[in-house]
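The values are calculated or read from the model by the stated rules, or taken from the named source; none is laboratory data. What you are looking at is a predicted structure, and each value in this text was computed from that prediction instead of being measured. Counting neighbours? That spans all protein chains shown, and the Cβs are built from the backbone with ideal geometry, glycine included.
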């Protein structure tokens, strides 16, 4: 329970920090931005990266490629109560033993969901951040002893704390997961915290994601990602990623992983109205 209290405290801290940030848009500006937003767009980041382990020997079996495709479909624009927005979401993450003989896929995780998003404003009708209520299913699509799956209801909040620091926090309530992976929450934890720091605005960014498992041992995960935009398109980036911890994939959620990978990343761009106007290339 202490971890859930900590998440609640961090959400309140984010509200207070973002409300003091002087770059918020007005309610009218946010409504106008969302009305012009594409109905079909990226959801999470899309990427293709490849790398090697740091915690075991490097060979054809341990080196791999990891890629993710993620998109969402906007169903409604301000037709739900409380001026909220309805999305359908889908994310698929694949782990590919591309260097091994016959290049088999080790794991594919499928993550469909539905989400309700709502802009949060202060008393002056200035944007503080975006809140989301999500219902998601995640599984690896396999059966028998190799089946891994879970479901969650979650509440997330995204905000710009300063002109360079952006935060995303999510807490979830899992259900219907104990049949395939009864100890999953010991590794997945009650939520995750994600900070992004723009080392060079709209060009070079450092992102850190942290999860803590539901126990006193360190069975969570830290993902550190450095991304650089050398192209005109602000969504197209080169990236270096280090994942250190548990539950990178569902099939091996209880196995420690430390992987360094490099590749291409296509940054989700639809919440950039939380940030200052971009610099030109």
*asked:* I'm told residue 186 meets every condition in (1) in contact with a helix residue (DSSP H, G or I) (Cβ under 9 Å, 6 or more places away or on another chain); (2) at pLDDT 95 or above; (3) surrounded by 15 or more Cβ atoms within 10 Å (Cβ to Cβ) except one. Can you identify the failing condition by its number?
replied: (1)
*Out of the residues in region 39-70 that are without any contact (Cβ under 8 Å) to a residue 24 or more places away in the chain and within 23 Å of residue 101 (Cβ to Cβ), which is surrounded by the fewest Cβ atoms within 10 Å (Cβ to Cβ)?*
57
*Test for residue 191: is it under 21 Å from residue 129 (Cα atoms), surrounded by 18 or more Cβ atoms within 10 Å (Cβ to Cβ) and in contact with a strand residue (DSSP E or B) (Cβ under 6 Å, 6 or more places away or on another chain)*: yes
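Yes or no, residue by residue, for (1) modelled with pLDDT of 85 or more; (2) out of contact with any strand residue (DSSP E or B) (no Cβ under 6 Å at 6 or more places or on another chain); (3) within 28 Å of residue 122 (Cα to Cα):
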| site | (1), (2), (3) |
| --- | --- |
| 11 | no, no, yes |
| 16 | no, yes, yes |
| 20 | no, yes, yes |
| 23 | no, yes, yes |
| 63 | yes, no, no |
| 68 | yes, no, no |
| 87 | yes, no, yes |
_Among the numbered criteria (1) crowded, with 16+ Cβ neighbours inside 10 Å; (2) not in a loop (DSSP other than H, G, I, E, B), which one does residue 153 miss?_
(1)
*So, of the residues in region 201-229 that are surrounded by fewer than 16 Cβ atoms within 10 Å (Cβ to Cβ) and at pLDDT below 95, which turns out to be farthest from residue 172 (Cα to Cα)?*
201
*Test set (1) over 23 Å from residue 255 (Cβ atoms); (2) in contact (Cβ under 8 Å) with a residue 40 or more places away in the chain; (3) under 17 Å from the mean Cα position of the chain (by Cα) - residue 190 fails condition number*: (1)
*Can you tell me which residues in region 157-182 are out of contact with any helix residue (DSSP H, G or I) (no Cβ under 6 Å at 6 or more places or on another chain), modelled with pLDDT under 95, under 30 Å from residue 200 (Cα atoms) and surrounded by 14 or more Cβ atoms within 10 Å (Cβ to Cβ)?*
158, 162, 164, 165, 166, 168
*What number of residues within region 74-84 are surrounded by fewer than 16 Cβ atoms within 10 Å (Cβ to Cβ) and either touching a residue at least 60 places away in the same chain (Cβ under 8 Å) or out of contact with any helix residue (DSSP H, G or I) (no Cβ under 9 Å at 6 or more places or on another chain) (or both)?*
6
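Table: residues versus (1) closer than 26 Å to residue 165 by Cβ; (2) without any contact (Cβ under 8 Å) to a residue 40 or more places away in the chain; (3) more than 21 Å from the chain's Cα centre (by Cα).
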site: 72; (1), (2), (3): yes, no, no
site: 86; (1), (2), (3): no, yes, no
site: 99; (1), (2), (3): no, yes, yes
site: 114; (1), (2), (3): no, yes, no
site: 126; (1), (2), (3): yes, no, yes
*Selection count, region 160-187, where residues are under 27 Å from residue 142 (Cα atoms), more than 18 Å from the chain's Cα centre (by Cα) and outside any strand (DSSP E or B)*: 10
